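The structure under discussion appears below in the form of structure tokens.
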Amino acid sequence: MAKKKSAPGSIRKKTHKKNSNDSLLNSTKNNVNQSDLRNRQNGSSASSNTVTTTTKISSYDDDTITQSKNSIEKEHKKIENKSYSQRAGKKLKDRRRVFFMFGTLLGIIVAFYFGQKSSYLSDSTMSQSFDNLVNFENFQVALDDWKEALPNGLVNMFGDFQTYLTGFDFSKIYPNNKNDLTENFAVGKQLRKELNLTDKHPVVMVPGVITTGLESWGLYGDAECSSEQHFRKRLWGSFYMLKTMVLDKVCWLKHIKLDPITGLDPPNFKLRAAQGFEATDFFVAGYWIWNKILQNLGAIGYDPNKMVTAAYDWRLAYLDLEKRDKYFSKLKEQIEVSYELTGEKSVIFGHSMGAQVVFYFLKWVEAEGEHYGNGGSDWCNKYIDTVVDIAGSTLGAPKSVPALISGEMKDTVQLNAVAVYGLEKFFSRRERLDMLRTFGGIPSMLPKGGNMLWGDIHFSKEDELHNNTDTFGNFIRFVENKALVKNNSNFHSSVMKHNFTMEDALNYIIENSPSWLHNRIDDQYSYGFAKTEKELQENVKHHSHWSNPLEVPLPNAPDMKIVCLYGVGNPTERAYVYTNEDYNTTGMNITIAYDQEQSVFFTDGDGTIPLLSHSMCHKWKQGKSAYNPGGLKVKVVELKHEPNRFDIRGGAKSAEHVDILGSAELNDYLLKIASGHNEMIEERVITNISRWVDELNFPL
Amino acid sequence: MAKKKSAAGSIRKKTHKKNSNDSLLNGTKNNVNQSDLRNRQNGSSTSSNTLTTTKISSYDDDTITQSENSIEKEHKKIESKSYSQRAGKKLKDRRRVFFMFGTLLGIIVAFYFGQKSSYLSDSTMRQSFDNLVNFENFQVALDDWKEALPNGLVNMFGDFQTYLTGFDFSKIYPNNKNDLTENFAVGKQLRKELNLTDKHPVVMVPGVITTGLESWGLYGDAECSSEQHFRKRLWGSFYMLKTMVLDKVCWLKHIKLDPITGLDPPNFKLRAAQGFEATDFFVAGYWIWNKILQNLGAIGYDPNKMVTAAYDWRLAYLDLEKRDKYFSKLKEQIEVSYELTGEKSVIFGHSMGAQVVFYFLKWVEAEGEHYGNGGSDWCNKYIDTVVDIAGSTLGAPKSVPALISGEMKDTVQLNAVAVYGLEKFFSRRERLDMLRTFGGIPSMLPKGGNMLWGDIHFSKEDELHNNTDTFGNFIRFVENKALVKNNSDFHSSVMKHNFTMKDALNYIIENSPSWLHNRIDDQYSYGFAKTEKELQENVKHHSHWSNPLEVPLPNAPDMKIVCLYGVGNPTERAYVYTNEDYNTTGMNITIAYDQEQSVFFTDGDGTIPLLSHSMCHKWKQGKSAYNPGGLKVKVVELKHEPNRFDIRGGAKSAEHVDILGSAELNDYLLKIASGHNEMIEERVITNISRWVDELNFPL
């Protein structure tokens, strides 16, 4: 097994050169609505190489670790002296780890299909050896207690290596307690022992996109694809998914894809979110998601009576969650019942898209109307103690844009040619796009705020992070594929005439979508910003605005608290280079120009969500305003991404988008919040985002 | 693995002679309250061999008459033998019944006996046991292998069967080629032929023991850390077996409750598993509710419309509310379903789950702290139908020996080697100590005392066998001659005369530690209300809510009750006890397993005797003090006709647990859930209706 896994890993190794001298098409016409913005801000963009200087590393145990802290800081300084985009390039090699699991999946697929193509092995041999592989992996799942064997085994192995190679023992960081904080339960046990934290508030965990398991509950399927064999099996989030996907892709896709018109399951197929903690504790055996948090909550006394995972079918558009599954109604009842039974308000943890779902819920629950919560304007104040936004995609994730334009994202582009070829053969961009388009939940993550937030063709707030003359506001740049130039249609020449800002890109998606997708996006979401306070207040009446905190205010719930916790210092995709593509062979008009030396540009963030998406937390934090009419207390803590490079999941100090759920510091905060000690959390902002937010042209 | 399992099986083979000439002690003094009952009934006890199938209501009446006839002929042949003979004869077949429990015992016995006889070194044994567990787990590996074990066996045996008997079971349902034991078969057929779809939200309340328990503690104590077991199933998984065998002390510390509080001991914490996984399989390969889930799925149910209300069956009922808010959550669940779907719920309660459901009906109406405070119209508003599946409504006699000496039929019907091995590994005393801490177990003690279960001279069920003996003689004593000289005053006073049911319960309570005594007093009551006023007063205190002889049904005229239970499977009903040397075993008395017959059997489903379902028949008689709302009650008796080549009995098994996979039962459940209660035809093939008429119910 170990051997097999490393093989696909090495396929994905990328020899990526650091050179951003892209042959960018020059934009001749700009759809700039706020071009004055640029001029107004030019003065403050002098501090260009200063972003990631660690102004203060708030340490876990301040007084005792100063020495080792110093040495760590020195190292960081060295790294940070390089320009940000250089680091981004350099880090690519390390970041194999980031999408370890996704990569494993791709790796297996690629190995399988590429093997077939090159016919080294006969078809049946390959298929059999793949079976063996899956079976063997499942063998590891066999004993319940082996569930974590994979990462722990690797961690220990790498840990030994590390001490051997570097002479640096990580346990020295926390000399007061011998526990390695990556160890299971470590944070919770320590907090219980030292601060006597215990369970207080009922906890509701709202997971992010993709990480929730989906089970098949249909029976009938269609003529080519019976659903019966998959009954109550996880077709998303398990080894079973990998097996089915590879061995019977057509059938798997029929289950996973939604009906384009209704946005719900196709007739005779039925997938539902898994239930209970098992829905999100591990994605597949060995790859934890919420398990560390469950363990630490358990260590201070939580059990199923006082916490719950509110898993949802992340494929659905938000209001369809209510219409089909009564998701928000159940969440509301859950919180009300907890309050009745324990007398305590709930604490809600929302991760990634889950943070958006939670925000949506806050508006849903107050709204009046059919399918709405009808809870009244004091509901949140009465029932919710704290909302915790963990790495939330609050103002969107740029990577959702290429996903909905061409079924691509950084992760599919940063493969080597063989892997890209293999992936395209097995599950092409067109197929991926067709699938993603049916998922009404995906457009919720499209970036909000348009060019006001994400910059125009000349300038973006984030430009100070790198010393290029280029701007992130140039969200999609076009280069011409010379080989295909003669095939170029009028479509190409009109589209590729000039680069896209964020607004252009969203317009492109909507204009080039089938009408059903167009309609769904119109009905469910809105990506602009309210220009007046009146507009902001009017917007609360319609659900299309509830996923966009620039268009609706926070609930007027003075006692409710918000805590934003997110990672920074991990290069995050922010802009793309696109090229023309031959529609006849690939079904795509345009595609990411992965033959370019740099086809993806990176900004600061957690690897998935760019820093800028968290602007809203900082805006709210400024106190009573149109956006925060109740004057809710908002705390923001930025977690610096300092992965242990010998830990495949980054260890106790990783702040990567998903791995942050295992971060010792994050777990520490979550336990303090859950146990009613919000006041113990010290805010920390190590980036310039507060200044950006001040300088950005928020209308309110 | 297969080899190992058959070895374990053969250990449990029992050469049991059919001879009931036990040297019974003669009862000299009887606590008979209703001895006139016996005289009054003597006239009607002539039909002693009357378990004749009056009508087999067939699945598809018009098409299967032919095969039905041939089956009936076979049944006639069997049924002409006396009941107790059949009981004896069936013992060999019934290895299947506690297949899984047996596997567990088998493994343990093999392991420990192997150690004792030192054929193999300790480490070799341990390793080979590890391999065994790992191999079993290997089968769990792929999700879709979960059912591989029974299906594989079923298919293998199925082939054998056709080969050996030339009888193809699929001919029973010639209209559709589907074997109804196949997954989804019932649901698919009902959807196709009757177009049944999901209507009422379904709540499933599982029985005792079958619900998985997960550890949520972290700290444990000095000898036994709980951390390694975090979120592992210490009940209801192979992990349980492994932990139990390799670290019994630690396992017991987790499983046992604190005697005084009746809750988890400090620093240990077990909670019922959540979701459908809590009860779909007990261990991989041994389904519990999975067939029902599949069939419900086939007519359109999914997690939005059904839920498993798993509970920690170790707790006394009110502690479920106090600790876990179980009943509050169940109430909210049903209310929310109603709000969201506009439909009343249907509740399936199996075994002890049926008692929990009945308790809930009273709890929800009652006023007071820890009570439901739902008002007297709650049930009528929110519940469409309560389905009692093989419910232990008036108790299960086997809970009595369990609480006297940690024994029951299943531990007695092992051969000497196995009994020895089990005693060494997990002795009666240890079992008793464990069971006593479980406040949930006494809920299953038989209710109604001698009124229902008979006095020392006579029980209603005596007509089932042609012995002169009576089941009312619930515990008979024989003297162990070898130990006679050690006999204490205790023995001579206790064993002076046989026990009726009432005596046995008194013995349990009198000989319990005060904490158990107090818990039983606080939580349960085993008598019957003598007046309508008493019945109505009783609803105010929770100790009566588990006993339908002491409280009436809710006054909910629109609510329906359906009782579905198996009959025709010998069920333990009376025991022979003997004196035991307290100094060596920690027991004063124990089942006399050296006797030729130490357990007596009556009709039932193998666990719950027919008599326990009397209440369904009493309610069915219409508006009465017990049923003030005149709720419609339907009763269907399912005859136990196991396919002897199917380890779980197949589509026509009505065994206590295997009935959950019965095609007929699934058929009924789907009809009820889809709002077609009216399609269910009642069927009573036993004499219980007459018994209920003749029993001396005070109301």
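The values are calculated or read from the model by the stated rules, or taken from the named source; none is laboratory data. None of these values were measured; they are calculated from a predicted model. When we count neighbours, we look across all protein chains shown, and the Cβ atoms used for this are built from the backbone with ideal geometry, even at glycine.
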Problem set entry | Filtered residues of segment A:342-391 (kept if within 13 Å of another protein chain (Cβ to nearest Cβ), of a type in the set (Gly, Ala, Ser) and under 29 Å from the mean Cα position of the chain (by Cα)) | A:373
Seminar exercise, completed: Here the qualifying pairs (Cβ atoms under 8 Å; residues six or more apart or on different chains; first in segment A:576-587 and more than 25 Å from residue A:397 (Cβ to Cβ); second among the aliphatic types (A, V, I, L, M) and crowded, with 16+ Cβ neighbours inside 10 Å) come out as A:580/A:496; A:580/A:590
Exercise. Restricting attention to segment B:330-341, does a residue exist that is within 26 Å of residue B:550 (Cα to Cα), within 14 Å of chain A (Cβ to nearest Cβ) and out of contact with any strand residue (DSSP E or B) (no Cβ under 8 Å at 6 or more places or on another chain)?
Worked result: yes
Exercise. Restricting attention to segment A:632-659, which residues are assigned to a loop (DSSP other than H, G, I, E, B) and of a type in the set (Lys, Arg)?
Worked result: A:645, A:649
Exercise. Can you tell me which residues in segment B:209-235 are in a loop (DSSP other than H, G, I, E, B) and at the interface with chain A (Cβ under 9 Å from one of its Cβ atoms)?
Worked result: B:216, B:217, B:218, B:219, B:231, B:232
Exercise. Which residue, of B:301, B:338, B:371, B:359, is modelled with pLDDT of 95 or more and more than 22 Å from residue B:200 (Cα to Cα)?
Worked result: B:371
Exercise. Can we say residue B:309 is within 10 Å of chain A (Cβ to nearest Cβ), buried (at least 22 other Cβ atoms within 10 Å of the Cβ) and hydrophobic (A, V, I, L, M, F, W, C)?
Worked result: no
Exercise. If you go through segment B:660-679 one residue at a time, do you hit one that is within 21 Å of the chain's Cα centre (by Cα), over 21 Å from residue B:548 (Cβ atoms) and assigned to a loop (DSSP other than H, G, I, E, B)?
Worked result: yes
Exercise. Can you tell me which residue in segment A:641-678 is modelled with the highest pLDDT, limited to those that are surrounded by fewer than 21 Cβ atoms within 10 Å (Cβ to Cβ) and of a type in the set (Lys, Arg)?
Worked result: A:672
For this session: Could you check, for segment B:612-620, whether at least one of its residues is without any contact (Cβ under 8 Å) to a residue 60 or more places away in the chain and touching a helix residue (DSSP H, G or I) at 6+ places or on another chain (Cβ under 7 Å)?
Result: no
For this session: Could you check how many residues of segment B:265-293 are at the interface with chain A (Cβ under 10 Å from one of its Cβ atoms) and part of a loop (DSSP other than H, G, I, E, B)?
Result: 6
Exercise. Is it true that residue A:252 is closer than 27 Å to residue B:189 by Cα and more than 8 Å from chain B (Cβ to nearest Cβ)?
Worked result: yes
Problem set entry | Options B:253, B:269, B:248, B:242; residue that is charged (D, E, K, R) and without any contact (Cβ under 8 Å) to a residue 40 or more places away in the chain | B:253
Exercise. Being modelled with pLDDT under 95 and on the phi > 0 side of the Ramachandran plot, is that true of even one residue in segment B:270-277?
Worked result: yes
Exercise. Where in segment B:367-426 are there helices (runs of 4 or more DSSP H), lying fully within it, with 2 or more residues that are surrounded by 20 or more Cβ atoms within 10 Å (Cβ to Cβ) and not assigned by TED's automatic domain parsing to the domain that holds residue B:326?
Worked result: B:399-405, B:409-412, B:416-425
Exercise. What residue, among those in segment A:236-249 that are assigned to a helix (DSSP H, G or I) and charged (D, E, K, R), is farthest from the other protein chains (Cβ to nearest Cβ)?
Worked result: A:249
For this session: All but one of (1) over 19 Å from residue A:278 (Cβ atoms); (2) at the interface with chain A (Cβ under 10 Å from one of its Cβ atoms); (3) within 27 Å of the chain's Cα centre (by Cα) hold for residue B:202, so report the exception by its number.
Result: (2)
Problem set entry | Options B:291, B:248, B:256: the member that is within 21 Å of the chain's Cα centre (by Cα) and either of a type in the set (A, V, I, L, M, F, W, C) or over 27 Å from residue A:231 (Cβ atoms) (or both) | B:256
